[in-house]
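Any read-out appearing in this document is the output of simple, stated calculations on the displayed coordinates, not a laboratory observation. Worth saying up front: this structure is predicted, and the values here are computed from it rather than measured. We place every Cβ from the backbone using ideal geometry, glycine too, and count neighbours over all the protein chains shown.
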Amino acid sequence: MSPPPSWLVFLEREFPSANSVLVRGSRPLLIDSGYGSDLAATETLLRAAGTPPEALHGIVNTHYHSDHVGGNHGLQERYRLPIAAHRLEGDLVNRREPETCAGEWLDQPVEPYRVDRLLAEGDEIDAGSVTLQVLHTPGHTTGHLSFFAPRERVLIAGDSFHGRDVGWINPFREGVNGLRQALDSLERLDRLGAVWACSGHGPAIAEPASALAAARRRYESWLTDPAKAGWHAAKRIFAYALMLKDGLPVEEVVPYLLGTGWFPDYSQSLLGRPPAELAPTLLEEMLRSGGVAEREGRLFPVTPYTSPPPGWLAAVPWPRSWPRS
Ligand SMILES: [Zn+2]
Ligand SMILES: [Zn+2]
């Protein structure tokens, strides 16, 4: 695997944070800021990488999910950092639209922030001696961005695809064309001929072309079998909820699922089953596939994570109650 250029520091992170990328030009930028409760860990990572948060010139977000924008609040407040995001998502954030970040629907608290620069396809991100192309790659979210450095052919892909996974599809909050858009975005990323890539989750991607081919095949199979997209999303979203809550008592799993915004939507629409009937099936399926495990009557995700401290989640307001930006 050829190493990434020296200006790029890939910060691979454990859940609930997504990976971050430090773009170390003469005006250093941070791409994605992790989950909110991991703020201190984010600051520590930046200092260890030799670019303390005080030295940053801004934050750029691939998309507005909580694992990518959670550190925005603390970093913006402490270090006065400007934040850039796609205009479709930045506009929702700044208007305090209740669907912002799909946070309430997903049950993923995000602390308030403000987007200072609204990005669009064709824009450039100037980190001083390094310039990144802004690529609008919708699918996983409507305003999803990827970033490309043409000289080194390095791709920062957000949640558009991963080394061994794809971004989950949300037709309910990101549009019924999400899957087709995601596929179009992957075709476009493939044409860039990247030699190194990193994404929001998992290790750096040594062979972007083969990872992209696998991701495209997977999405293509979902076009004819939408239930696959539903199962994939339900498992990812529920595992993430278990990380934020540091597990759930087994008897609370079904009532929890039925009380969320997302589960009944996936259940009724993509999976074609009444939520009350599907909830125990999701639990069984995740136990069977080894994504979750039961210990002393509590259900835990198997993937390593650091849950927010007690009381943290409950103290974060939903976007509908964020103070005006
Ligand atoms: Zn993510
Ligand atoms: Zn995401």
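For the chain, the longest principal axis of the alpha carbon atoms and the long axis of helix 39-48 meet at an angle near 40°. Taking a ≥ b ≥ c as the square roots of the Cα gyration tensor eigenvalues, with a/c under 1.5 meaning rounded and otherwise prolate when a/b beats b/c, else oblate, which class fits the range 206-325? Taking the square roots of the gyration eigenvalues as a ≥ b ≥ c, the range 206-325 is rounded.
About its Cα centre, the chain has a charge dipole of approximately 460 debye under the convention of +1 per Lys or Arg Cβ and -1 per Asp or Glu Cβ, with nothing else charged. Along each principal axis, taking the top coordinate minus the bottom one, the Cα set of the chain gives 56, 42, 36 Å in descending order. The calculated FRET efficiency for SER26 paired with GLU277, based on their beta-carbon distance and R0 = 51 Å, is about 0.30. Could you work out how far helix 250-259 tilts from the main Cα principal axis of the chain, as a 0 to 90 degree angle to the nearest 10? So the inclination is approximately 70 degrees.
Put simply, when 214-223, 156-165, 89-98 are sorted by average Cβ atoms within 10 angstrom per residue, most first, you get 156-165, 89-98, 214-223.
Most tightly packed first, judged by the mean number of other beta-carbon atoms within 10 Å of their residues, the peptides 59-68, 230-239 read 59-68, 230-239.
Give the peptides 74-82, 306-314, 23-31 in descending order of average Cβ contacts within 10 Å, highest first. Walk me through the intermediate numbers first.
Details: 74-82: 16.9, 306-314: 13.1, 23-31: 22.3.
Going by the mean number of other Cβ atoms within 10 Å, highest first, we get 23-31, 74-82, 306-314.
Averaging Cα coordinates gives a centre for the range 308-325 and one for the range 228-269; these two points are 20 Å apart.
Working from Cα positions, state the angle (0 to 90°, nearest 10) between the long axis of helix 208-224 and the longest principal axis of the chain. Result, in degrees: 40.
Report summary: the helix-based calculation at 222 nm, which adds -39500 (n - 2.57) for every DSSP H run with n ≥ 4 and divides by the residues of the chain, gives -11000 deg cm²/dmol.
Across the range 1-154, Cα pairs under 8 Å and at least six residues apart give a relative contact order of 20 percent.
How high is the FRET efficiency from ALA315 to GLU14, r the C-beta distance, R0 30 Å, rounded to 0.05?
On the way: r = 22 Å, r/R0 = 0.75.
That pair, ALA315 with GLU14, gives E of 0.85.
The overall shape of the range 93-239 is oblate: from the C-alpha gyration tensor, with semi-axes ordered a ≥ b ≥ c, the ratio a/c is 1.5 or greater and a/b is no larger than b/c. If you plug the beta carbon distance of GLU121 and GLU296 into 1/(1 + (r/R0)^6) with R0 = 51 Å, you get a FRET efficiency near 0.50.
Sequence gap at least 6, Cα distance under 8 Å: using those rules, report the relative contact order of the chain to the nearest whole percent. Kindly include the intermediate steps, with their values, before the conclusion.
Numbers: 679 pairs, mean separation 56.9, N = 325.
It rounds to 18 percent for the chain.
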